[in-house]
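Worksheet for the structure shown next.
We did not get these values from a lab; they are worked out from the coordinates using the rules stated. As the structure is a computational prediction, the values presented were derived from the model and not from experiment. Note that each Cβ is placed from the backbone with ideal geometry, even for glycine, and that neighbours are counted across all protein chains shown.
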Amino acid sequence: MPEPFYITTAINYPNGRPHIGHAYEGIATDVVARFQRARGRDVYFVTGTDEHGLKMDQTARKAGRATIDLANEMSGYFREMCTKLDISCDAFVRTTEPRHHAASVELWRRMEAAGDLYLDRYEGWYSVRDEAFYDESELSEGEGSEKLSPQGTPVEWTAEETWFFRLSKYQDKLLAHYRDHPDFIRPESRRNEVLRFVEGGLKDLSVSRTSFDWGVPVPGSDGHVMYVWVDALTTYMTGVGFPDSDGEKFRKYWPADIHMIGKDIVRFHAVYWPAFLMSAGLPLPRQVFGHGFLLARGGEKMSKSAGNVVDPMELAERYGVDNLRYFFMREIAFGQDGSYSPEAIVSRTNAELANSFGNLAQRTLSMIFKNLDGVLSDDYSPSEADLALRSTVNDACRTLLPREFEVLNFSEGLAEWMRAVFACNQYVDEQAPWALRKTDPERMKAVLMTLFMQVRTLAIAVRPVVPGSADRLLDQMGIPPGERDFAALEDADWFGRLVESGFVLEQPTGVFPRLEMPEEAA
């Protein structure tokens with residue numbers, strides 16, 4: 001049986017439409033999911049919307065709308081984002097669903113049964129925008145002596161009766177888990193941040209609110225709703241069938257292999273969430289990966305309040321879905337902050353997808369169509385140059401790119417892929433098949449067949465990043481849908497079968513057209 005692999009994005013907070021940061025995380029998670037499927041894993045990929053909490057309630061009230069109506073509308077935009085950006089999630093979970101309420105209540109009951117919940121009064125600083133509690137020592141002072149969270153968001157003094165979770169009880173257990181599982185938090189910079197926070201001492205955590213009612217009601221405690229993060233984090237288990245923890249799906253996929261999240265919410269996922277799971281007697285996720293921010297022009301963090309939020313659907317419409325996906329995975333070292341601009345998208349797309357790989361594929365297929373009437377042949381003897389190119393491309397696509405993608409080093413994996421593309425283009429220049437047509441037709445055929453095989457290998461390797469474009473290219477090449485995963489790269493007989501099938505290449509069409517530079521940058 002294929003080995004299961006469970007991955008999630010953060011559960012998106014839909015008090016506004018998706019911005020490019022949501023798209024960046026969704027695309028990266030999708031690349032991992034597609035890569036693992038291509039490696040033969042039984043992948044389950046969950047995303048969704050976190051629709052409870054004070055921030056949603058306030059946004060709806062300000063707009064004069066029922067909160068559920070706002071949640072329904074905004075959740076729809078996040079579903080649309082997944083569809084338009086080719087994000088291949090297997091399940092989309094909304095925290096307003098009855099199945100999710102049942103999961104949240106069951107987690108609460110388990111923590112209560114463990115003796116880890118108690119009723120008391122909370123007084124302290126709270127950020128509505130972050131839906132987070134902060135200690136006085138974590139705050140800074142803004143203009144007009146306004147107190148700000150570590151994220152730069154306003155905080156307000158809150159005092160109310162609340163249920164507390166005995167987070168302090170789990171300090172040593174968490175530190176032991178971090179020590180015994182060094183890859184639990186990645187990258188290393190995030191792991192170090194969490195270690196410092198936990199080593200500094202954990203205080204018990206307020207996990208219910210009474211100042212509003214938009215949330216999952218606390219069982220047996222009238223007037224209390226669960227703290228939004230208790231509810232939101234449980235979504236990862238809702239997606240695989242919890243509270244039926246004996247169910248087939250939950251037993252197959254839990255615990256998650258990777259929670260893919262932004263670096264600003266690492267504390268919730270790497271401290272609170274594992275403590276909740278320890279309390280409930282449930283296995284912990286194998287890894288929490290806190291990626292960096294996608295920054296706007298001038299290196300500013302994108303946010304609604306700053307007015308620099310970018311609509312990812314508009315970008316995809318303007319520059320192409322796969323071009324956008326490739327840019328994010330190639331341009332930015334995943335885990336670090338990275339910048340974006342329309343000019344950078346166009347430059348990267350034209351230089352690598354259009355001019356390098358797209359041109360290689362188009363030239364190869366066009367020459368086969370024009371000079372060989374589209375007929376493939378395995379009746380030739382490869383030269384040392386042909387075998388050397390095969391070795392270079394195979395090394396990049398079967399070893400180096402997968403090795404880097406396995407640890408989420410997308411940019412480096414694609415750099416290895418591009419080095420193989422460059423090698424192919426250099427081979428074309430050196431072999432000059434257009435000249436061989438008159439001087440040595442048999443050698444021309446060997447060169448074109450060698451190139452055909454390398455283009456197929458390159459297309460399969462990059463397919464997790466640019467699935468639509470890669471599939472359009474592979475369709476033209478006659479490669480069946482069932483022979484487009486990484487196992488197919490190990491199949492030494494595929495070309496002979498394709499030749500024997502009588503496949504004839506039709507006049508090819510380019511799949512990576514050049515983009516026009518934005519007028520403002522021209």
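Overview of results
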item: Distance between modelled label sites at SER339 and ALA488, nm, 7 Å Cα→Cβ extension; result: 3.9 nm
item: From phi via Karplus (6.51, -1.76, 1.60), per-residue ³J(HN,Hα) for the range 200-208 in Hz, x at Gly/Pro; result: x, x, 9, 9, 4, 10, 5, 10, 8
item: Residues with amide H under 5 Å from that of LYS147, placed H, sequence gap 5 or more; result: GLY142, VAL155
item: Top positive-direction residue, dipole computed over the chain with Cβ charges, set SER377, PHE357, LEU107; result: SER377
item: Cut-off 12 Å, label 7 Å out along Cα→Cβ of ARG196, residues of the range 146-178 by amide N; result: none
item: Exposed GluC sites (Glu not before Pro) absent: longest stretch of the chain, with sites in DSSP loops and at most 15 other Cβ within 10 Å deemed exposed; result: 301-505
item: Square roots of 5 times each gyration tensor eigenvalue, C-alpha, the chain, largest first, Å; result: 50, 24, 20
item: Dipole magnitude (debye, nearest 20) for the chain, charges at Cβ of Lys, Arg, Asp, Glu; result: 440 debye
item: Placed amide H near ARG39: partners under 5 Å, 5+ positions off or other chain; result: PHE486
item: Check: the range 4-291 dipole with +1 on Lys, Arg Cβ and -1 on Asp, Glu Cβ, in debye; result: 960 debye
item: Using a Förster distance of 51 Å, the FRET efficiency for ASP378-ARG65 (Cβ separation, nearest 0.05); result: 0.20
item: Taking the chain and dividing mean pair separation by its residue count, relative contact order in percent (alpha carbons under 8 Å, at least six apart); result: 16 percent
item: Within the chain, helix-based [θ] at 222 nm, where runs of 4 or more DSSP H residues each add -39,500 (n - 2.57), nearest 500; result: -14000 deg cm²/dmol
item: Cβ-based net charge around TRP157, under 12 Å, with every Lys or Arg adding one and every Asp or Glu removing one; result: -3
item: The range 4-291: mean projected area of Cα convex hull, nm²; result: 15.0 nm²
item: Reciprocal mean inverse distance between Cα atoms of the range 166-288 - Kirkwood radius, Å; result: 15.4 Å
item: For the range 281-289, Karplus couplings with θ = phi - 60° (6.51, -1.76, 1.60), whole Hz, Gly/Pro x; result: x, 10, x, 8, x, 7, 7, 10, 10
item: For VAL93, residues with placed amide H under 5 Å, excluding near neighbours; result: THR47, GLY48, THR49
item: Nearest 10 degrees, 0 to 90: helix 54-63 Cα axis against the chain principal axis; result: 80 degrees
item: Net +/- balance of residues flanking SER75 in space, Cβ distance below 12 Å, scoring K and R +1, D and E -1; result: -3
item: Against the rule of thumb 2.2 N^0.38 Å, how large the Cα Rg of the range 42-108 comes out; result: 1.26
item: Residues in the range 192-223 that a label on ARG109 would reach, taking backbone N under 12 Å of a point 7 Å out along Cα→Cβ; result: 219-220
item: Efficiency of FRET between ARG318 and GLN426 - r from beta-carbon atoms, R0 35 angstrom, step 0.05; result: 0.60
item: Quotient of Cα Rg and 2.2 N^0.38 Å for the range 342-500, N being how many residues it contains; result: 1.02
